[in-house]
Amino acid sequence: TEVATGSTLGLAKADAGPQPCYDRVVFRLGGNAPGAPGWRVEYVTQPTSDGSGNPVAVAGAASLQVLITNVGYPDDTGVPDPAVKRFTPTGTLKVREVVLDGVFEGQYTAYIGVSAMLPFRVFRLSNPARVVVDVRHS
């Protein structure tokens, strides 16, 4: 868990790719004013859509829920909603799918479908603001 600071951001897009010992998923954010996203990332047994509570289908044996905080709606942040909401990364060994569910009450919910409940780390980068999730291969 990490606390957000500054102005509200918008989620611009997500990418994923393989690294030598882990698969990396990057959530890129932007906005009209500087800010730093916060997050809470954990494994969940049943992915659900924030707000409605409806189930979210995610490929893989386990699902990492990624809650990115300090996120606003496109009209408030100047960042259009991501065009791609669901994708299967190319070349990743453990990440099977990334699903961008949406923003609700200041947080963006996304899911990373993985082959098993593997160790992971989360950190923040700036210029542009990004939340990075690395899922270890073993």
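The values are calculated or read from the model by the stated rules, or taken from the named source; none is laboratory data. Note that the coordinates shown come from a computational prediction; the quantities given were computed from them, not determined experimentally. Reconstructed Cβ throughout: ideal geometry from the backbone, glycine too, with neighbour counts over all protein chains shown. When the accessible area is computed, the model is the full protein with side chains, heavy atoms only, and any ligands, DNA or RNA have been set aside. Shrake-Rupley method; radii C 1.70, N 1.55, O 1.52, S 1.80 Å.
Among the residues of the stretch 23-41, those identified as open to solvent by 30 Å² or more (accessible area, probe 1.4 Å) and touching a Ser or Thr at 6+ places or on another chain (Cβ under 9 Å) are ARG24, GLY31, ASN32, ALA33, PRO34, ARG40. Filtered by the rule that a residue be crowded, with 20+ Cβ neighbours inside 10 Å and of a type in the set (Gly, Ala, Ser), the stretch 62-81 gives SER63, GLY72. Screening VAL41 against (1) at positive phi; (2) in contact with a strand residue (DSSP E or B) (Cβ under 6 Å, 6 or more places away or on another chain) leaves a single unmet condition, (1). Does GLY102 meet the test of being farther than 17 Å from VAL135 by Cβ and within 11 Å of the chain's Cα centre (by Cα)? Here the answer is yes, as GLY102 does meet what is asked.
Can you tell me which of VAL99, VAL132, VAL84 is touching a residue at least 60 places away in the same chain (Cβ under 8 Å) and either in a loop (DSSP other than H, G, I, E, B) or buried (at least 19 other Cβ atoms within 10 Å of the Cβ) (or both)? Talk me through it step by step, then tell me what you get.
Details: VAL99 fails: touching a residue at least 60 places away in the same chain (Cβ under 8 Å); VAL132 fails: either in a loop (DSSP other than H, G, I, E, B) or buried (at least 19 other Cβ atoms within 10 Å of the Cβ) (or both).
The conditions single out VAL84.
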